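S.K.: Structure incoming, see below.
The values are calculated or read from the model by the stated rules, or taken from the named source; none is laboratory data. No experiment lies behind these values; they were computed from the predicted model shown. Methodologically, a virtual Cβ is constructed for each residue, glycine included, from the backbone with ideal geometry; neighbour enumeration extends over all protein chains shown. Keep in mind that these areas ignore ligands, DNA and RNA; they rest on the heavy atoms of the full protein, side chains included. Shrake-Rupley method; radii C 1.70, N 1.55, O 1.52, S 1.80 Å.
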Amino acid sequence: MPGANGKQQPRSVRDIGRRSERLAHVAVEELMPLPAPYDVSEDFPGIAPLKDETRARYGASATLDDTLAAGIPQPATEEDERKIVEAFLSGLRKLFSRENNWTFLQPLVLSMEHCARCQTCAADCPVFEASGRNELYRPTFRAEVLRRLYFRHVKPGGAWYNTFHSSGLELTYDLVARLFELAYRCTLCRRCAQSCPIGVDNGLITHDLRKLFSQELGWAPKELHNKGTVQQLTLGSSTGMNKLVVKDNIEFIDEDMSERLGWEVKTPWDVQGADMLVIENAGEFLAWPENHGCTAAILNGAGLSWTMSSEIAGYDGVNYGLFYDDVQLARVATRHFRIAKQLGVKKIVMGECGHEHKALGVIADRVGLDLVPRESLLTLVRDIVYSGAINVDPSRNDFPVTLHDPCNIVRNMGIVQPQRDVLRKICPQFREMTPHGIRNYCCGGGSGFAIMSPNNFEQWRNLISSRKKFAQILGAFADTELNDPEQKKYVCAPCSNCKGAIRDMLDFYGAKEKSGIYYGGLVELVVNAMAGAAEPILDWEMM
Amino acid sequence: MPDFEYNGKKVVVDEDGFIQDPDVWNEELANALAQVEGVDQLTDEHWNIVNYLRNYYQQFGIAPMVRKLCKETKTPLKRVYELFPSGPAKGACKVAGLPKPTGCV
């Protein structure tokens, strides 16, 4: 729908339920500008249009904006559409009942009832800002759709509400299909929730919308559900690695790391009675093997008693349920606790994975009866580095380093200083981004986006949801030569999901070739600084 | 699921363009998929990687670690990206007929 200023964007919340060819479109010239040498729009064309066959197949769900994150095949008949609307309505009512929303009912209701429409949140949303302030991505747009549906269809007196409040929001199939897609245009970074003077949580609203769609209609991106939690709970890992493959890979990593360091690195498996069970994101083993190798080298170096588990899900800390489905979240978290109990460990150590921290470290408290203490690898590594148990030589890390704050670990959990303490000790050229800490910006890959790339969704992510972070990274290195690829710069991102998004963003903008910007985790920097290592662990050729 | 058409034939692919049934893969299809990934001609260097990926997949049912791929085919990662511009996971695996890698990779 063309707006007054020529932009294609919804004019009111009601537009989401009205059939139209496309609710919003972001033209490349509307995007938030980037600094040189990334300011040439010819180098970065806009989002390629969806294919005609995709639009035909996915119907209304493909009419939200320029992309399609998951999509629902268009129902064959109006009767089928009506059934979906009914199921949605049933799910909507369940969302506001204690027995069905045992996780978040209270904050959800408060978020429905108390928005003052002040729009403080909008100024804090990286997607809204990067899109050139397209109304579709205003954080209150999605929230307001749910709020109006809640007042009309759930809250007692809804019929009365509807007569005096001119919401006029029609609950149509198009609304349901578009709202599903719209629930996947927010990274759940919860920057908006932090800035809200009242405590309204638009991130939670998005999470609960996704939950409604998954738990009631069975609608969820395949990367998160079929290939994600389902594969993790049946095969052992969302990566598809079974027990044999993961052991084989870890053996390879241990050998490779031992060779490069010049001393033995060994990962212990299934050690009954070890002090700690280390659960990392299994994606690390395949995509960033040094991250595990360095974690093992640090734990070995400090002489700690630790183990990994080869049980189903015991070697994969991901819990995509956090992104879309509380039941799946509970299943995975329960399994993690059970494995720790069976091994008799004193605590679980969560690796460099943001959503694992949030799911297992915080939300799981609402799920498990048999809780086991959990610690972040970041605090453990800080203690090890400062204890003197390992020898570090900061001159080995003498290149510009900045720190990305994973939303789940930092803003959403308050683990802010330990990783900085480490970097201040081992990286002479450490510099902060602006803003940072709990005011950080999302990598753009939050809530599962980093592993979703159907259709043109990856372009949407790189151009819009990762844009603010990319601008921040460039800002952090503004005092260096951004036109010199030979001067290596390092973005430390202690989270697998963030690393995936940052990798894709740096590739998309050609930032390695143009500016020499590389990325990796925290433990790699620690081990790279370890005195006496045969070769540096940071292998720029391999990054 | 969409179809991928080549030389008058059709195979089913997912939304990311990965073939759905690894058994329908053959060299002709690999050449056609390579075009989509910005590779004009599959050279011996490409085939070295593609064959390694297929063998590993047949043995383990999953794509290998990138570092293992580099080490065992003696190809630096930089070279893998030169050969397959969209990278080992999205480019090389697609050409080799493996399913799209899953999880946080």
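Results for (1) away from every other protein chain (no Cβ under 12 Å); (2) closer than 18 Å to A:VAL523 by Cβ; (3) aliphatic (A, V, I, L, M), shown as yes or no for each residue.
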| site | (1), (2), (3) |
| --- | --- |
| A:PRO289 | no, yes, no |
| A:ASP325 | yes, no, no |
| A:VAL332 | yes, no, yes |
| A:LYS341 | yes, no, no |
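S.K.: Next question, about the same structure. Answer yes or no: is there a residue in the range A:217-227 that is more than 14 Å from every other protein chain (Cβ to nearest Cβ), surrounded by fewer than 18 Cβ atoms within 10 Å (Cβ to Cβ), outside any helix (DSSP H, G or I) and out of contact with any helix residue (DSSP H, G or I) (no Cβ under 7 Å at 6 or more places or on another chain).
M.R.: Checked against the condition, which is being more than 14 Å from every other protein chain (Cβ to nearest Cβ), surrounded by fewer than 18 Cβ atoms within 10 Å (Cβ to Cβ), outside any helix (DSSP H, G or I) and out of contact with any helix residue (DSSP H, G or I) (no Cβ under 7 Å at 6 or more places or on another chain), the range A:217-227 yields at least one hit.
S.K.: A further question on this structure: Could you list all residues from the range A:347-375 that are more than 14 Å from chain B (Cβ to nearest Cβ), open to solvent by less than 10 Å² (accessible area, probe 1.4 Å) and part of a helix (DSSP H, G or I)?
M.R.: Hits for the range A:347-375 are A:LEU360, A:ALA364.
S.K.: Still on this structure, please answer the following. Identify all residues within the range A:44-55 that are part of a helix (DSSP H, G or I) and surrounded by 11 or more Cβ atoms within 10 Å (Cβ to Cβ); write none if there are none.
M.R.: A:THR54, A:ARG55 - these are the residues of the range A:44-55 that are part of a helix (DSSP H, G or I) and surrounded by 11 or more Cβ atoms within 10 Å (Cβ to Cβ).
S.K.: Looking at the range A:137-147, can you tell me whether even one residue there is closer than 20 Å to A:GLU458 by Cβ and either of a type in the set (Ser, Thr, Tyr) or under 24 Å from the mean Cα position of the chain (by Cα) (or both)?
M.R.: yes
S.K.: For the range A:379-477, give me every one of the helices (runs of 4 or more DSSP H) that falls completely inside it and has 1 or more residues that are open to solvent by 30 Å² or more (accessible area, probe 1.4 Å), touching a Lys or Arg at 6+ places or on another chain (Cβ under 6 Å) and hydrophobic (A, V, I, L, M, F, W, C).
M.R.: none
S.K.: Quick check on my filter: what residues within the range A:184-214 are under 12 Å from the mean Cα position of the chain (by Cα) and either in the same structural domain as A:LEU322 (by TED's automatic domain parsing) or among the aliphatic types (A, V, I, L, M) (or both)?
M.R.: Answer for the range A:184-214, where residues must be under 12 Å from the mean Cα position of the chain (by Cα) and either in the same structural domain as A:LEU322 (by TED's automatic domain parsing) or among the aliphatic types (A, V, I, L, M) (or both): just A:LEU188.
S.K.: Next question. Identify, please: which residue in the range A:507-525 is touching a helix residue (DSSP H, G or I) at 6+ places or on another chain (Cβ under 6 Å) and within 12 Å of chain B (Cβ to nearest Cβ) and is, among those, nearest to A:GLY444 (Cα to Cα)?
M.R.: Looking at the filtered set, the residue picked out is A:PHE508.
S.K.: Please verify whether the range A:256-271 includes one or more residues that are open to solvent by less than 20 Å² (accessible area, probe 1.4 Å) and within 10 Å of chain B (Cβ to nearest Cβ).
M.R.: For the range A:256-271, residues open to solvent by less than 20 Å² (accessible area, probe 1.4 Å) and within 10 Å of chain B (Cβ to nearest Cβ): present.
S.K.: Same structure, new question: Return a yes/no flag: does the range A:298-313 have any residue that is touching a residue at least 24 places away in the same chain (Cβ under 8 Å) and under 20 Å from the mean Cα position of the chain (by Cα).
M.R.: Yes - at least one qualifying residue is present in the range A:298-313.
S.K.: Return the residues of the range B:1-24 that are more than 14 Å from chain A (Cβ to nearest Cβ) and either closer than 22 Å to A:PRO73 by Cα or of a type in the set (Phe, Trp, Tyr) (or both); say none if nothing qualifies.
M.R.: Within the range B:1-24, B:TYR6, B:VAL11, B:ILE19, B:ASP21 meet the criteria.
S.K.: Could you tell me whether the range A:232-239 includes any residue that is more than 18 Å from A:PHE285 (Cβ to Cβ), out of contact with any Phe, Trp or Tyr (no Cβ under 7 Å at 6 or more places or on another chain) and of a type outside the set (Asp, Glu)?
M.R.: yes
S.K.: In the range B:63-89, what residues are of a type outside the set (Phe, Trp, Tyr), more than 8 Å from chain A (Cβ to nearest Cβ) and part of a helix (DSSP H, G or I)?
M.R.: B:LEU69, B:GLU72, B:THR73, B:ARG79, B:VAL80, B:GLU82, B:LEU83, B:PRO88 - these are the residues of the range B:63-89 that are of a type outside the set (Phe, Trp, Tyr), more than 8 Å from chain A (Cβ to nearest Cβ) and part of a helix (DSSP H, G or I).
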